[in-house]
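**Student:** Please find one structure pasted underneath; my questions will follow.
Computed from the coordinates by the stated procedures, all read-outs in this text should not be read as laboratory data. All of these numbers come straight from a predicted model, not from anything done at the bench. Methodologically, a virtual Cβ is constructed for each residue, glycine included, from the backbone with ideal geometry; neighbour enumeration extends over all protein chains shown.
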Amino acid sequence: MSNLDRTRNLVAEVLRVPPERIEPETPLNDVAQLDSLSLVEIASALDEEFDIRVPSDDLGTAKSLNDILAIVERAPAR
């Protein structure tokens, strides 16, 4: 499974939407209501899945799945 698919599945699980609703360029706010708790949950899920450390503040700037994937790819390993 690619990093894109893994990230999509995690975000979909946290937001409680089907993964197919989340396209790489789709604004996440169009898919579900994002709040600070959702962002912390996404950061935690990404930390576990990829064994990295994603600062939740970085996710605050993410507008799409592609943005989250870029954060994952540059996040430091734990």
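**Student:** Take D67 and decide whether it is in a helix (DSSP H, G or I) and exposed (fewer than 13 other Cβ atoms within 10 Å of the Cβ).
**Tutor:** Against the criterion (in a helix (DSSP H, G or I) and exposed (fewer than 13 other Cβ atoms within 10 Å of the Cβ)), D67 does not qualify.
**Student:** If you scan segment 51-78, which residues turn out to be at negative phi, of a type outside the set (A, V, I, L, M) and in contact (Cβ under 8 Å) with a residue 12 or more places away in the chain?
**Tutor:** Listed by number, the residues that qualify are R53, P55, S56, D58, G60, K63, S64, N66, E73, P76, R78.
**Student:** Now a separate question. So which residues in segment 1-34 are surrounded by 17 or more Cβ atoms within 10 Å (Cβ to Cβ) and part of a helix (DSSP H, G or I)?
**Tutor:** Selection gives T7, R8, L10, V11, A12, V14, L15, L28, V31.
**Student:** Hey, another quick one. Have a look at L46, L37 and point out the one that is surrounded by fewer than 12 Cβ atoms within 10 Å (Cβ to Cβ), part of a helix (DSSP H, G or I) and not small (G, A, S).
**Tutor:** Just one listed residue meets the conditions, L37.
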